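Step one of this worksheet: look at the structure below.
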Amino acid sequence: MGHQAHEELARATGSGQIRCGILTLSDTRTPATDTSGAAIRAALTQAGHHVVRYAIVRDEPEAIIALVRAAAAEEIKLLITNGGTGITRRDSTIEALDTLFEKRLPGFGELFRMLSYQAIGAAAMLSRATAGVYAGMLIFCLPGATAAVTLGLETLIIPQAAHLVWETTRQ
């Protein structure tokens, strides 16, 4: 069965409305200043998905892991993180989530950086955006910049969300 047939089957079996979570990783953002978190919520809601968890957490591995485990326990199927994907000393999102990923989606990071390169040039190489699956939950790790969040959501994540969730739940 080809990818188009999979996507049609995913839509037909109710994978269209997905339980989602948003995790902003920042030492400085608040709910009032979290424009990337707001952009994620708006995009997911506009696509017909349900945002059932939102949190801002410092870029501390233990805190990140605890929140991701809590999201999985709440049967969230799609978790979008933003922030902590760069190369500074404080950026530890990728290292924290690498300890949890049961399966990785390397194509996501590769495509994201390719699209970013078209938008911002060579600085795209600074992003360690990645994706994977943990406990049946898809996790996409995006940079903290609102433009990067919008790029990843609109071009990669939302168009494939139902199909990806369906793939994680089928036998």
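The values are calculated or read from the model by the stated rules, or taken from the named source; none is laboratory data. Owing to the predicted nature of the structure, the values given are computational and were not obtained by experimental measurement. Reconstructed Cβ throughout: ideal geometry from the backbone, glycine too, with neighbour counts over all protein chains shown.
Before moving on, here are some points about what is shown:
- The C-beta contact set for the range 114-133 (first residue more than 29 Å from Ile76 (Cβ to Cβ), second residue in a helix (DSSP H, G or I), distance under 6 angstrom, 6+ apart or interchain) comprises Tyr117/Ala124.
- Considering residues of the range 52-67 that are among the β-branched types (Val, Ile, Thr) and not in a strand (DSSP E or B) only, the residue surrounded by the most Cβ atoms within 10 Å (Cβ to Cβ): Ile64
- Counting the residues of the range 122-151 that are farther than 19 Å from His50 by Cβ, in contact with a strand residue (DSSP E or B) (Cβ under 7 Å, 6 or more places away or on another chain) and in a helix (DSSP H, G or I) gives 1.
- Close Cβ contacts (under 9 Å, 6 or more residues apart or on different chains) running from residues in the range 28-41 that are closer than 12 Å to Asn82 by Cα to residues that are of a type in the set (A, V, I, L, M) and assigned to a loop (DSSP other than H, G, I, E, B) comprise Ser36/Ala145.
- Looking across Ala119, Ala70, one residue alone is over 18 Å from Thr150 (Cα atoms) and either modelled with pLDDT under 95 or outside any strand (DSSP E or B) (or both). It is Ala70.
- Against the numbered list (1) closer than 17 Å to Ser36 by Cβ; (2) outside any strand (DSSP E or B); (3) touching a Ser or Thr at 6+ places or on another chain (Cβ under 7 Å), Gly109 comes up short only at (1).
- Residue in the range 84-96 that is touching a residue at least 12 places away in the same chain (Cβ under 8 Å), of a type outside the set (Gly, Ala, Ser), in contact with a strand residue (DSSP E or B) (Cβ under 7 Å, 6 or more places away or on another chain) and farther than 23 Å from Ala148 by Cα present: no
- Considering only residues in the range 138-151 that are surrounded by 23 or more Cβ atoms within 10 Å (Cβ to Cβ) and over 18 Å from Arg29 (Cβ atoms), the one that is farthest from the chain's Cα centre (by Cα) turns out to be Leu138.
- Contacts under 7 angstrom Cβ, first residue in the range 45-71 being more than 19 Å from Ile18 (Cα to Cα) and touching a residue at least 24 places away in the same chain (Cβ under 8 Å), partner of a type in the set (Asp, Glu) and surrounded by 20 or more Cβ atoms within 10 Å (Cβ to Cβ), 6 or more apart: Ile56/Asp34
- Among the candidates Glu154, Glu95, the residue that is charged (D, E, K, R), farther than 20 Å from Asp34 by Cα and either in a helix (DSSP H, G or I) or at pLDDT 95 or above (or both) is uniquely Glu95.
- Residues located in the range 122-171, provided they are touching a Gly at 6+ places or on another chain (Cβ under 9 Å) and among the polar types (S, T, N, Q): Ser127, Thr130, Thr168, Thr169
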